[in-house]
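Every read-out reported here was derived from the displayed coordinates using simple, explicitly stated rules and does not represent laboratory data. Predicted, not measured: the structure shown is a model, and the values here were computed from it. Neighbour counts are summed over all protein chains in view; Cβ atoms, including those assigned to glycine, are modelled from backbone coordinates with ideal geometry.
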């Protein structure tokens, strides 16, 4: 019989107690001051004791040492003494930068200095929530709805527009929001007001509007004004089609699919700051574009990229058939759960829109495989200079922790990582260190991405940016 290590057990119970005491502090900061507490870009809001400990366990610092709640708790306590405005504050970054600081400041002094932009005359005042309308309520629509409800405050989901259904249509749609075979149960309570065609989720009243034609809806009739409409149908991709949504009550339209023509394709973290304030129509590109563009930008910034090819091993989607049947696209008519299906991807060509300064040819292809979620992009690059595998991995790890791309790029060294491990990831892509290959000026990166939830998080970031409720993060990421 193996002896129990009492010291390890006592240490665990101590950390468990500290994590438990963090929860009300994190909740109060979020509720009363609109402060989101992060740990290396992972939110700690509404997390359980075990989740907080696991986040600390896996949010490693640049040196690779595990981060403990005993290290981050003093910084969290210091935040409670400050008059903070709406912001995101990263405890992991605070702890990491404090270790490097040699000025002999106390935790309280260092914290006040590091988050100075969120206090005093500099702090952002709370804004009125921006109305949001979802047009379409499929896979992406429901995940975006979950995120909007979770972030109630800056954004307010007011309505969902769907085609007319049969009996108990609204009950069935609410049930699909409540339960998801891949992403699990909705975190909260959902009730249905059939008489008034409303879904009430965590206290948010969401009007369900039935319409087959976007030009037939007057949103002001529902008390909706200057809203951002998120089109999840993909039915219209160009400016002319998407302009149909610019009805009374709608100020901007965001497409959750690649835009065509002159519609800007936006990848948050890369080119979102190029959106013109008066732009009414924009696209969040595709899940694969969001997965490859941030690491591609990171590699181009550091090493230069001469050319590249991306091969995506992509989970099957609802536009494929369960069993063999007619499909307008080649091969996609064959049974999705039974086959690997070679198909095309527009992600490579979309790179030029998101990274216009990248002077490199990027080609791409895709294979759909029988898994329901999480894909992997294999990015093969010819670099502008020679390097080593160790240098590339150290660089990408640093990017994932301290750069402006840290919300887009995650990093894993887990030796047994497989696709299902990344269900629910909020990053656009996750660099897998294990299979990474570097030979001189050639590099091959393996990038996991939750093509449903990770992409939905990118959509929300774009919506927050264009609505003016994307609050700054402190300490500021290294440029």
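Worth a mention:
- Using 0.36 nm per residue and subtracting the Cα-Cα separation, the extra length available between residue 441 and residue 307 on full extension is 47.1 nm.
- Sites residue 278 and residue 11, calculated FRET efficiency, Cβ-Cβ separation with R0 35 Å, nearest 0.05: 0.05
- Modelled label positions at residue 421 and residue 220, each set 7 Å beyond Cα in the direction of Cβ, lie 5.4 nm from each other.
- Listed values [x] 20.5, 64; [y] 22.9, 72; [z] 28.4, 82, entry calculated as Rg and Dmax of the Cα atoms in Å: [y]
- Computed [θ] at 222 nm, helices only, for the chain once each DSSP H run of length n ≥ 4 contributes -39500 (n - 2.57): -9500 deg cm²/dmol
- Point-to-point label distance, residue 340-residue 363, nm (Cα→Cβ direction, 7 Å offset): 1.9
- Antiparallel beta bridges, as assigned by DSSP with both residues in the stretch 130-257, represent about 35 percent of the total such bridges.
- Estimated inter-spin distance, residue 179 and residue 68, nm [label 7 Å along Cα→Cβ]: 4.3
- Förster-model FRET efficiency, 35 Å R0, residue 371 and residue 31, C-beta, rounded to 0.05: 0.40
- Rounded to two decimals, the Cα-based Rg/Rh of the stretch 6-122, with Kirkwood Rh, is 0.96.
- Cα centroid separation - the stretch 318-382 against the stretch 144-220, whole Å: 30
- Centroid-to-centroid, using Cα positions, the stretch 67-114 and the stretch 11-41 are 13 Å apart.
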